[in-house]
1. Quick check: from the Cα gyration tensor, does the range 167-276 come out rounded (a/c under 1.5), prolate or oblate?
2. Go ahead and run the numbers for FRET between TYR484 and LYS161, Cβ-Cβ distance against an R0 of 30 Å, rounding to 0.05.
3. Which of ARG469, ARG498, ARG492 comes first, and how do the rest follow, when ranked by fewest Cβ neighbours within 10 Å?
4. How are the alpha carbon pair distances in the range 398-458 distributed across 10 Å bins from zero to the largest one, expressed in percent?
5. From the square roots a ≥ b ≥ c of the eigenvalues of the alpha-carbon gyration tensor of the chain, which class results: rounded (a/c under 1.5), prolate (a/b over b/c), or oblate?
6. Within the chain, what percent of beta bridges assigned by DSSP are antiparallel, to the nearest 5?
7. My understanding is that a pair violates if its Cα-Cα distance is over 22 Å; which of LYS225/LYS297; LYS132/LYS169; LYS533/LYS611; LYS534/LYS609; LYS413/LYS457 do that in this structure?
8. Specify the inter-centroid distance of the range 83-152 and the range 431-460, based on alpha-carbon positions, in whole Å.
Amino acid sequence: MSELETALKQYFGYETFRPGQKAIIEAVYQQRDVLAVMPTGGGKSLCYQLPALLKPGLAVVVSPLIALMQDQVETLQKNGIAATFLNSSLTAEEARSRRLSILNGEMKLLYLAPEKLVSPASKTFLQAVQEKHGLSLFAIDEAHCISEWGHDFRPEYRQLKTLRSLFPKIPMIALTATATERVRSDIIHQLTLDQPKVQITSFDRPNLYYEVQPKQRQHYNQLFKFIRHQTGSGIVYCLSRRRVEEVAFRLKKDGISALPYHAGMSDGNRSDYQTRFLRDDVQVMVATIAFGMGIDKPDIRFVVHYDLPRNLENYYQEAGRAGRDSEPAQCLLLFGAKDIHTIEYFISQKEDEKSQRLARQQLRKVIDYAEGTDCRRTIQLSYFGEHFAGNCGNCDNCLNPKPIEDWTIEAQKFLSCVARCRERFGMSHIIDILRGSKNKKIEQNGHHLLSTYGIGKDKTVEEWRNLARSLLHQGFLAETTDGYRVLKLNQRSWEILRQKRTVYIAVLPSSQKRKSHNTLDIETQQLLIRLRKKRKWLADTQSTAPYMIFSDQALREMAQIKPKHLDQLADFSGVTEHKLHQYGEAFISEIRSFLQEKRLPIPVPSQTKMKTLRLAQQGYSIEDIAETRGMRTSTINDHLCELIEMNQPVKLEQFVPESDQKVIWQVINQVGDDSLKTIREALGEEYSYEQIKLVRAWWRRENNQSVSR
């Protein structure tokens, strides 16, 4: 094991680096400037934290939000690493004490906001630190904020270039999760990075399931139904503050623990609500984009965009807050036409015409994504300049595949029309020519005289749009990024025109079901639930977030492998020596207790009953399970009864309301469980035999009675 791998295990508990991390760390270690573009959850923080620990001196990290720097510092401290921050949340005495610790050489990492860092007092302080102990590196987190071409431009980031003149020999690493080629060039220019190593890791997040659903008229019910079937934490993004308050209120009223978050709330409320979410005291945060970069919670299991996001960069980053621990997570976008008009109104309020133009083009890209029939990853990654072959197996378009057709001839017509228009027009104009439109713009440009005029009347506007989007997504056609959306041919376009390449596109919807990610056996799931409860209890006693104790991935490994001794736990992902001594015994004890309770043989359900169980866990009704499996509902009901009696995790309230459960339970207590007819006669006809059998199975399990049919 090399020096870097040894340090990785010692400080962070990991055996191996994630893609791109080692190359970045080696470059920083060798005093080189670096621009690192890595997806959310790709491990950007470690790229500057590890070299900061190995190099002499203090590392200075620029972080845009107070909540984000506080969260990262707390995480580092939980690993026994000397880190601190200086921001407006501190009292004068607290800030003075922290500066003294830094000057005494007791700290390895210092987090500052960009406004704080460029102040004269901070510059003077850092110069003093440089003279006394040295500075190891500058890390600029969320570096896309420096570019006006990015989605979250912040003017104060522009002042960071003064660091180069003050500290010319200190290496600088700029990190971001979302940066197109234009934004990357702007970051290098604005920070005056010196021949930097540019490390671009794939933007693909294979653990995320992407889905777009048409927004139904009763879209709150659509949201509620989705969340009701989820486990773990989630975020719901809305466009307006009013919508945030409304959705949070309704979710809470319907029994889902939810809180609102938006810029119109007081700092105290926002901080309190965010802390409660991070510590798993509430399941759902309903928020505007104000709930953004400050979220470093790795175990978010779902993100819902209740309204259309303004651009693909926002969507990628917001959806990417799910599954940062590399465990499966869901990203759902509800797409409705009214949202387009709302965003267009916001765009019209911009004073600068250039900004309006760029914003409209970015909005069009989001609409193309929502309406697209190609693999969602192909669409997303092509936006960032990365080619993806498609068929990811983890998005709605791939798991519910549309019929694929050969549209090579139509593609040749479309591309030929682009060429004859000298690559000076956009998608709508080309489609109008192909369909023989008589609008004035076509006649003014003489395009009604082109050989391609009217040759596409046999296809609808939407069919041509679908083709054009697919050509763009698959890289068979290019488009300008200056806000005008002018179509341009590329090498692949000419290969199609010269009949050297075939074009296949997806054309019609289908209705297949999504595959399940659930791969854990039942006993492992039961232990995992207990370990999560233990983690939550420990977190509450220490007023910290559960994921700061152990990640979901670490708990998952514990539940699967079931270590019985402390030394076995040391090899698990994210388990540092510091955490092993602090928390290890508590989790080992929980595992031992679980195994002791399970010492008697447990009946293992048959394969057919396990299939029923998995569908039930996805929220399917008895009727839906029966239809999916091609069985009678009575058979499925019997499966569920046996699963309940075998102590499998069936949610009875999913099939029998809790109020009905109590009544049936009381009657069984009175008349016994031998005769279904006797129980039914005591209850009355409003209770079905299917409901009675399910509750009876639960009653038998709780009363340890043998199964009798």
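None of the figures in this text is laboratory data; all of them are computed from the coordinates on show. Note that the coordinates shown come from a computational prediction; the quantities given were computed from them, not determined experimentally. Counting neighbours? That spans all protein chains shown, and the Cβs are built from the backbone with ideal geometry, glycine included.
1. On the way: a/c = 2.88, a/b = 1.95, b/c = 1.48.
Verdict is prolate for the range 167-276.
2. Working: r = 30 Å, r/R0 = 1.01.
Result of the calculation: an efficiency of 0.50.
3. Working: ARG469 22, ARG498 9, ARG492 18.
Going from sparsest to densest Cβ surroundings: ARG498, ARG492, ARG469.
4. 22, 49, 18, 10, 2
5. Working: a/c = 2.02, a/b = 1.12, b/c = 1.80.
Here the chain falls in the oblate category.
6. Working: 5 of 54 bridges.
In the chain, approximately 10 percent of DSSP beta bridges are antiparallel ones.
7. On the way: LYS225/LYS297 24 Å; LYS132/LYS169 16 Å; LYS533/LYS611 27 Å; LYS534/LYS609 30 Å; LYS413/LYS457 12 Å.
Where the Cα-Cα span goes over 22 Å, the pairs concerned are LYS225/LYS297; LYS533/LYS611; LYS534/LYS609.
8. The distance from the Cα centre of the range 83-152 to that of the range 431-460 comes to 60 Å.
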